[in-house]
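All of the numbers you see were taken from the coordinates with simple rules; none came from a lab. The structure displayed is predicted, hence computed values, not measured ones. Cβ atoms come from the backbone with ideal geometry, glycine included; neighbour counts cover every protein chain shown.
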Amino acid sequence: AALHSAERPLVGRHVIVTSGPTREPIDPARFLSNRSSGKQGHAIAAAAARAGAQVTLVSGPVEIADPPGVTVRHVETALEMLAAVEAALPADIFIGAAAVADWRIEPAPDKIKKQPGGAPPTLVLRENPDILALVARRESERPALVVGFAAETRDVIANAQEKLARKGCDLIVANDVSAASGVFGGDANEVRLVGADGVESWPRLDKSEVAARLVARLAERLGATAEP
Ligand code: CTP
Ligand code: CA
């Protein structure tokens, strides 16, 4: 009880965070990916650890260091990320901050060669599983709080509300990733917390400050449900 202080409200809790992009191979030399830096997801994992949680961070390929005090599972593809998340359950909180590639490709076993004078190859895309929705809709081991992100370039709140309902999660952290926002790869983020009970808009903050505030909000919500 002494450790379960106001500063460490997540003592005794397990938090799983996904972060970074996924990388979907095209052939042994090439891949499909996106611009996620992992900065926001990694900052959330670090903040949860500082709040006393046991943290499993499932990270795609990123250039930033593993946060201290966190168990990191390094993965490449969305299918590997899903398997690592499932292996890490059960958890009290799941936070899906990764920019999971929406599609994968049936990878070619050998490097695809140019056909001189011929047509370029056609990449056949298959939809990846939605890790957030699968966690949120689990019948067993559903975390008490399931939190998603919504990276939008327009209609941020409406799109976030649609994602909240479609995926069955408890909260969506929505942000504007339009080119003008500078969010992708940058150190600041301007987010809105979209829940069934309403929308909370935060000012533009450092990603570490967004992480600290989010962790504090989640601890409040969790505290309202059950003690560990
Ligand atoms: N997500 C996931 N698995 C996927 C796709 C998305 O877990 N295969 C999660 C992300 O980690 C994020 C949330 O779902 O927490 C929303 O991701 P986003 O890309 O904004 O939503 P999508 O449902 O993929 O819709 P779209 O890209 O078409 O906007
Ligand atoms: Ca997507």
Legend entry - Potential extension, Ala196-Leu125 segment - 0.36 nm per residue separation minus Cα distance: 22.2 nm
Inset, instruction - Compute the length gained on full extension between Arg166 and Asp110: take 0.36 nm times their separation in residues and subtract their Cα-Cα distance, giving the result in nm to one decimal. - result: 16.3 nm
Legend entry - Entries of Lys39/Lys167; Lys114/Lys207; Lys167/Lys207; Lys113/Lys207 with Cα pairs more than 31 Å apart: Lys114/Lys207; Lys113/Lys207
Inset, instruction - Could you rank the peptides 128-135, 95-102 by their average count of other C-beta atoms within 10 Å per residue, with the highest value first? - result: 95-102, 128-135
Legend entry - Environment charge at Val58 (Cβ cut-off 14 Å; Lys +1, Arg +1, Asp -1, Glu -1): -2
Legend entry - Net charge of Cβ neighbours under 13 Å - reference Arg204; Lys, Arg +1; Asp, Glu -1: -2
Legend entry - Partner aspartates and glutamates for Lys111 [C-alpha distance under 17 Å; skip if fewer than 8 residues away on the same chain]: Glu24, Asp27
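Could you sort 43-56, 139-152 so that the peptide with the highest average Cβ count within 10 Å comes first and the rest follow in order? Kindly include the intermediate steps, with their values, before the conclusion.
On the way: 43-56: 24.6, 139-152: 18.6.
The peptides rank, most packed first, as 43-56, 139-152.
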Legend entry - Förster radius 25 Å - calculated FRET efficiency between Leu79 and Glu139 (Cβ-Cβ, nearest 0.05): 0.70
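Only loop residues by DSSP count here, and only those with at most 13 other Cβ atoms within 10 Å; note down the trypsin sites (Lys or Arg not before Pro) in the range 1-48 that meet that.
Sites meeting the loop and neighbour criteria: Arg35.
Sort 116-125, 169-178 by the packing proxy (mean of other Cβ within 10 Å over each peptide's residues), most packed first. Each step should come with its number before you reach the end.
Working: 116-125: 8.5, 169-178: 21.5.
Put in order of decreasing packing, that is 169-178, 116-125.
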Inset, instruction - Work out, step by step, the length gained on full extension between Asp27 and Asp187: first 0.36 nm times the residue separation, then minus their alpha carbon distance; give nm to one decimal. - result: 54.3 nm
Inset, instruction - Please give the calculated 222 nm ellipticity per residue for the chain, where each DSSP H segment of at least 4 residues contributes -39500 (n - 2.57) and the sum is spread over every residue; nearest 500 deg cm²/dmol? - result: -8000 deg cm²/dmol
Inset, instruction - Over the Cα atoms of the range 27-78, compute the convex hull volume and normalise it per residue, giving Å³. - result: 81 Å³
